[in-house]
Amino acid sequence: MSERIRVLVTGVGSGGHGEQILKALKWSSLELEIVGTDTLAYSSGFPEVDHAYRVPRANEPHYLERLLELCRIHRTQVLFHGSEPELRVIGRHRQEFADRGVLVPINSERVLETCMDKSRTMKFLAEHGFDSPRSIVIAKLNETEQIDFFPVVIKPFIGSGGSANVFIAQDPRELRMLGEYLLTLCPQFLVQEYVGTPNDEYTVGVLHGMDGLLIGSIAVKRSLECTLSKRHEVTNRTGRADLGPKLVISSGVSQGEVGDFPVVTSACERIAAALGSTGPLNLQCRLVDGRVQLFEINPRYSGTTSLRAMAGFNEPELMIRRFLLHEDARPPRTISRRFIMRGLQERTIDTDRVRDFT
């Protein structure tokens, strides 16, 4: 029997994209030995890994040192990040992992800087002629008076994974009130036009190889009827029937119909190509009057990574096969559509096998 491929996945619990990467790897046909880390001792992903470690948070002094040491101890061949704070650190220090023979299949620093700053993302889309909602960065409360289009979505222009601290304002009074609150959390926030209806929202994965070549794309047409998938829902009071009776902001728990959806995926492929992507991208959009309106790009693996793997588009496996095993691995030519829903699952955590590496 050949030696198993040694993989380290960070942030394997709490329902984030690290947990979804772990699920995709467990569903792959590869023979793997998986090290899983988390900042919590009671991580829901720990029962699924071969070696479990509690590590410092990404913003703590010893995080990088501990991660590099774990790679040395377990002779790690591939590292997948499981949270955005870890992506920032790993991205800045990718060469230190490469020098130790660890494959880190993430996007370039330039793409990370563009897409992890929402104002830069919107500027990029505008400069390259892609459709996106009107967006304005607000740094002072009185600047909200320039907004003359409603309803709007307001959110921190850096971060807000899983739609944290994202709200809907339907008139100037609500915008000022919510804006005052957001300015206590961050120095600036983004005001973005609310477009389309919840029935036409998509989360799209476009995967490029580290050589810059397109591997493939896949979309999930979100179902926003379930409570798990909604961060925020309000009755539409604007009088605009084109937006539907409810205004909805999706959560980080995406579910729905998985497939290729060529109108949506082809538009997202063009955006990814213009960015010069060399890794995974997760694009959020709505289809409005037949046009893709993009409102966010996450330069990482998605919270729907496991759903995509269930449909035959296993991004972590594809990256391992192409750039570690040097196989000409490709996703299926066509993705058969299927509806995938999520729920809650209970786990017993054996804390005796979790090593504290903080």
Original post:
What number goes with the only condition from (1) among the β-branched types (Val, Ile, Thr); (2) within 20 Å of Ala98 (Cα to Cα); (3) touching an Asp or Glu at 6+ places or on another chain (Cβ under 6 Å) that Val7 does not pass?
Top reply: (3)
Subject >> Residues of the range 46-67 that turn out to be assigned to a loop (DSSP other than H, G, I, E, B), surrounded by 20 or more Cβ atoms within 10 Å (Cβ to Cβ) and either in contact with a Pro (Cβ under 6 Å, 6 or more places away or on another chain) or at pLDDT below 95 (or both), as a count >> reply: 1
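Being under 29 Å from Glu3 (Cα atoms) and in the same structural domain as Lys230 (by TED's automatic domain parsing), is that true of even one residue in the range 287-299?
No: zero hits.
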Original post:
Given (1) of a type in the set (Asp, Glu); (2) assigned to a loop (DSSP other than H, G, I, E, B); (3) not assigned by TED's automatic domain parsing to the domain that holds Gln188, where does Glu96 come up short, assuming only one miss?
Top reply: (2)
Original post:
Which residue pairs have Cβ atoms closer than 7 Å, lie 6 or more positions apart in sequence or on different chains, and pair a first residue in the range 28-45 that is closer than 17 Å to Leu318 by Cβ with a second residue that is exposed (fewer than 15 other Cβ atoms within 10 Å of the Cβ) and among the hydroxyl-bearing types (Ser, Thr, Tyr)?
Top reply: Glu31/Ser2
**OP:** Being of a type in the set (A, V, I, L, M, F, W, C) and in contact with an Asp or Glu (Cβ under 9 Å, 6 or more places away or on another chain) narrows it down to one of Val137, Val111, so name that one.
**Re:** Val137
Original post:
Which pairs do you get when a residue that is on the phi < 0 side of the Ramachandran plot, found in the range 75-100, comes within reach of a residue that is at pLDDT below 95 and outside any helix (DSSP H, G or I), reach meaning Cβ atoms under 6 angstrom, with the pair 6+ apart or on two chains?
Top reply: Gly82/Gly16; Ser83/Gly16
**OP:** Would you point out which residue out of Ser83, Ser43 is surrounded by 19 or more Cβ atoms within 10 Å (Cβ to Cβ), polar (S, T, N, Q) and under 12 Å from Val9 (Cα atoms)?
**Re:** Ser83
**OP:** Report yes if some residue within the range 71-81 is within 23 Å of the chain's Cα centre (by Cα), assigned by TED's automatic domain parsing to the domain that holds Ser14 and within 14 Å of Gln20 (Cα to Cα); otherwise report no.
**Re:** yes
Original post:
All but one of (1) outside any helix (DSSP H, G or I); (2) under 18 Å from the mean Cα position of the chain (by Cα); (3) on the phi < 0 side of the Ramachandran plot hold for Ser132; which doesn't?
Top reply: (2)
**OP:** Can you tell me which residue among Val137, Val152 is surrounded by fewer than 21 Cβ atoms within 10 Å (Cβ to Cβ), more than 14 Å from Asn298 (Cβ to Cβ) and not assigned by TED's automatic domain parsing to the domain that holds Gly91?
**Re:** Val137
**OP:** Mind counting the residues in the range 1-20 that are assigned to a strand (DSSP E or B) and among the basic types (Lys, Arg)?
**Re:** 1
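Whether any residue in the range 264-283 is under 30 Å from Pro172 (Cα atoms), touching a helix residue (DSSP H, G or I) at 6+ places or on another chain (Cβ under 6 Å) and assigned by TED's automatic domain parsing to the domain that holds Thr304 is what I want to check.
yes
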Original post:
Pick from the range 166-208 the residues that are assigned to a loop (DSSP other than H, G, I, E, B) and crowded, with 17+ Cβ neighbours inside 10 Å: which of them is farthest from the chain's Cα centre (by Cα)?
Top reply: Gln170
**OP:** Would you mind telling me which numbered condition in (1) surrounded by 19 or more Cβ atoms within 10 Å (Cβ to Cβ); (2) within 17 Å of Val12 (Cα to Cα) Ile320 fails?
**Re:** (2)
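The values are calculated or read from the model by the stated rules, or taken from the named source; none is laboratory data. As the structure is a prediction and not an experimental result, all values here were calculated from the model. All Cβ positions, even for glycine, are placed from backbone atoms using ideal geometry, and neighbour counts span all protein chains on display.
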